[in-house]
Structures are given as structure tokens and as C-alpha cells.
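The values are calculated or read from the model by the stated rules, or taken from the named source; none is laboratory data. Quick caveat: nothing in here was measured; it's all calculated off a predicted structure. Here the Cβ is made from the backbone with ideal geometry for all residues, glycine too, and neighbour counts use every protein chain on show.
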Amino acid sequence: MGNIELKELARNNLRGNWPTAIIVWLLAWFLTDALTGNGGREAADYVWQNGELIKADNGSNSFGGLVSFIIGGPINFGLAAFFLKLARTEQIAFADLFSGFKYFFNNFILNLLIIIFAFLWFLLLIIPGFIALLKYSMAFYIMHDNPEIRPIEAISKSKEMMDGNKLRLLSLWFSFLGWFILGIFTLGLGFLYAMPYYHAARANFYEDIKWQSSSL
């Protein structure tokens, strides 16, 4: 499917579910982003992770950064779980955001490996770093569907799944760029619409490409 179809599916999924989706995304943002410190005062503090722009920890709030680092994996898993259930028209619940704590160790290690591998690629050049993050972007969805696998396997399967699909995901992200810019100019209010919308579309992107992988 193209971006138009994915976004249409996302809007259909969110119809009647906007309040829950907004609260889930907002809490996930707070736990994995807002705790890290400066509140987004400097554009240089933004990095690309898990398919979206987030603020990097600049050390201004080391405790909050530590908490975010520890729970980031389970929360990313829970965010993937919530929007996958939404894409599959399954019953959703606010508690889905915390479902990753059931597999805390694996999700923590998965998040840690993604950070390490992406950091190593970014040491080479910016572009290889972004490509690496695109490769790893499906890992938490895969971990959700296959909770018994090891974190390194989830990354390997994500790389396989994204072979030939990296530009498609990047194109999907750019199709939301106008919404992201609006979010900045509305002092963050626009993100309450844009980010649940984007995550719903990305979950449908995963659903669309997963059949291509022989290992899933």
C-alpha cells in the first residue's frame, strides 16, 4: 500500500479511539522523552529514534534520563502493541502501553542494542546512522508478535523485513512532515493529532510488509 492508503487506514482505526490514542502517546512521550530534560528548547537536541524525532538527553536531568533509559524498551514495546491492536481492529486498552513490562528484560536489551548499533553507525556518518534506524524500526512490532525470540533476532528480522522498504518508511515519515512542523508552531498541541496518526499509519505499514519476510 502507498502512503494514502496507509493514512486512510490509520484514520479509520483512530475513529472513535482518538482520546485513548492521544493519552497513550502523550504518556509514552512523557516517560521516554520529557523526562530527559530540556523540554525541547534547542533543535539540536533532537535525534531520530524508532521512526520519529525525539529529544536527546543532554545531561540536564540525569535522573530523568536514567529512568527513561531503563523503561524506554518496555514503553516502546507497549506503544507498538497498542497501535498494532488498533490496526488489527482488536480491543484496545490504556493498559496496553505497559504490556512490555511483562517482558522487561528482553525489551530493555532490545532498546539497548538499537541505541548501541545506531550510535556506532552514527559515528561513521549521519546517513548510515539514519539508515540503521530505519532497518531496526520494526523490531518492537516483531518482538510483540514473537515475544519468545531474543532481542538480537528481533533486530535481524527487522533488517530482513526492511530490505527494500526503507525508502517507503522514510516516505511515510515525510508525508507527515507538515503535521510535525505544525506541531512545533502550535507549541506542541499539533503533535496530539500528528503523533497518534503517524503511529497508527506506521503500524499499518508493518502489517503491510510483514508478509514479505519468510521468517515471520
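Annotations
- Exactly one residue among LEU123, LEU167, LEU110 is farther than 27 Å from ASN3 by Cβ, free of Cβ contacts under 8 Å to residues at least 40 places away in the same chain and part of a helix (DSSP H, G or I), and that residue is LEU123.
- Of all residues in the range 1-34 being closer than 24 Å to ILE75 by Cβ and in a loop (DSSP other than H, G, I, E, B), the one that is nearest to the chain's Cα centre (by Cα): ASP33
- Here the range 67-97 is the region considered, the condition is being aromatic (Phe, Trp, Tyr) and surrounded by fewer than 18 Cβ atoms within 10 Å (Cβ to Cβ), and the residue that is modelled with the lowest pLDDT is PHE69.
- You will find that of ASP208, ASP145, the residue that is more than 14 Å from the chain's Cα centre (by Cα) and either surrounded by 21 or more Cβ atoms within 10 Å (Cβ to Cβ) or within 22 Å of GLY2 (Cα to Cα) (or both) is ASP208 and no other.
- Note on the range 170-179: residues that are in contact (Cβ under 8 Å) with a residue 12 or more places away in the chain and either surrounded by fewer than 12 Cβ atoms within 10 Å (Cβ to Cβ) or over 15 Å from the mean Cα position of the chain (by Cα) (or both) amount to 3.
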